[in-house]
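Comments concern the structure below.
The values are calculated or read from the model by the stated rules, or taken from the named source; none is laboratory data. Please read all numbers here as calculations on a predicted model, not as lab measurements. Glycine gets a Cβ as well: all are built from the backbone with ideal geometry, and neighbour counts include every protein chain shown.
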Amino acid sequence: MDDLDLIDRKIIAELMRDATLPVAQIADRVGLSQTPCWKRIQKLEANGILTGRVALADPNRLGFGLTVFVGIEAPDHSTEWRENFENVTSNIPEIMEVYRMAGEMDYLLRVAIPDIRSFDGLYKRLTDAVPIKNVTSHFAMERMKFTTAYPVNTRDR
């Protein structure tokens, strides 16, 4: 982040807020003309700082009204188990995110699923596919805040 100047940070902030903005509008908001702005966006993509542009959808409207955070305790920490776990979780589309953790649980999963019956099916698929020492599930009652935009500093240091 240190090698990003103020203009780059402003471009990133604008794109995280709305990736559908035309380059001309982004350029205007960050104080550049269109061509230099487009070149900066291309450079940010080429350098892996901008990793993709997506549309966000309402999970409830798509039938994924239940969010479950699943803590996993591994039975061992071998390379073979980790690779198998990664392969299994990568192939279950309802598992939206997987984090390897420090602390009491080894992995934390965010699962988006239609209902409890569907979660039970996912739980069985997961535990049948890979040995797990312990599973702890936490069911979200309400999504109170959600963002995909990181709080990039858009002020001059």
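A compact table of results
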| quantity | calculated |
| --- | --- |
| Top-ranked residue in region 2-27 [being in a helix (DSSP H, G or I), free of Cβ contacts under 8 Å to residues at least 60 places away in the same chain and within 22 Å of the chain's Cα centre (by Cα); ranked as farthest from Thr147 (Cα to Cα)] | Asp8 |
| Residue list for region 28-49, filter: part of a loop (DSSP other than H, G, I, E, B), of a type outside the set (A, V, I, L, M) and over 26 Å from the mean Cα position of the chain (by Cα) | Gly31, Ser33 |
| Looking only at region 28-54, and only at residues there that are more than 22 Å from Arg155 (Cα to Cα) and touching a residue at least 12 places away in the same chain (Cβ under 8 Å), the one that is surrounded by the most Cβ atoms within 10 Å (Cβ to Cβ) | Arg53 |
| Filtered residues of region 86-123 (kept if among the β-branched types (Val, Ile, Thr) and under 19 Å from the mean Cα position of the chain (by Cα)) | Val88, Thr89, Ile92, Ile95, Val98, Val111, Ile113 |
| Which numbered condition Asp58 fails, given (1) outside the structural domain of Leu126 (by TED's automatic domain parsing); (2) part of a helix (DSSP H, G or I); (3) surrounded by fewer than 17 Cβ atoms within 10 Å (Cβ to Cβ) | (2) |
| Answer residue from region 111-139, given it is over 20 Å from Leu62 (Cβ atoms) and of a type in the set (Ser, Thr, Tyr) and is surrounded by the most Cβ atoms within 10 Å (Cβ to Cβ) among those | Tyr123 |
| Residues being exposed (fewer than 15 other Cβ atoms within 10 Å of the Cβ) and farther than 15 Å from Arg110 by Cα - total across region 74-96 | 9 |
| Residues (acidic (Asp, Glu) and either under 15 Å from Phe146 (Cα atoms) or modelled with pLDDT under 95 (or both)) located in region 35-75 | Asp58 |
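Matching residues to (1) closer than 30 Å to His77 by Cα; (2) touching a residue at least 24 places away in the same chain (Cβ under 8 Å); (3) not in a loop (DSSP other than H, G, I, E, B):
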{"site": "Arg117", "(1), (2), (3)": "no, no, yes"}
{"site": "Leu122", "(1), (2), (3)": "yes, yes, yes"}
{"site": "Ile132", "(1), (2), (3)": "yes, yes, no"}
{"site": "Val135", "(1), (2), (3)": "yes, yes, yes"}
{"site": "Lys145", "(1), (2), (3)": "no, no, no"}
{"site": "Thr148", "(1), (2), (3)": "no, yes, no"}
{"site": "Pro151", "(1), (2), (3)": "no, no, no"}
{"site": "Thr154", "(1), (2), (3)": "no, yes, no"}
